[in-house]
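Participant: Below is a structure I'd like to ask you about.
The values are calculated or read from the model by the stated rules, or taken from the named source; none is laboratory data. All figures in this text were calculated on a predicted structure; none of them were measured in a lab.
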Amino acid sequence: MANVMRADTVSHTKPVSLDDAIALLEAGKGEGLVVDLGNGRTAMADGHRGDEGLLQRLRGHRMMLSLASGGADLSRFAAMSDTVIVAPLVQEILDAAAQKD
């Protein structure tokens, strides 16, 4: 199946910044929003998930920008050990499954 490119008419809505767009969407005021992603790229709620989908994409985009710039706090992941910690009831089930008759 071939990819289909969609040509949209230029929106006359002034693009808003990434952080402003996230704030507007979280406040439920993102109707018809055009988001400036930089370098001439924009994002709009044109998918099947509407504003909620746009909000999730923008949050992901912001996280990727933060990771790329070294601004994300990854310290909570640095202390992860090699052992898996499970709830006591889960451990009981795993122990029972590991026992041989």
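Participant: For SER17, are the conditions met, namely being modelled with pLDDT of 90 or more and hydroxyl-bearing (Ser, Thr, Tyr)?
Facilitator: It is true that SER17 is modelled with pLDDT of 90 or more and hydroxyl-bearing (Ser, Thr, Tyr).
Participant: Would you check which residues across the range 39-61 are of a type in the set (Lys, Arg) and modelled with pLDDT of 90 or more and list them?
Facilitator: Listed by number, the residues that qualify are ARG41, ARG57, ARG59.
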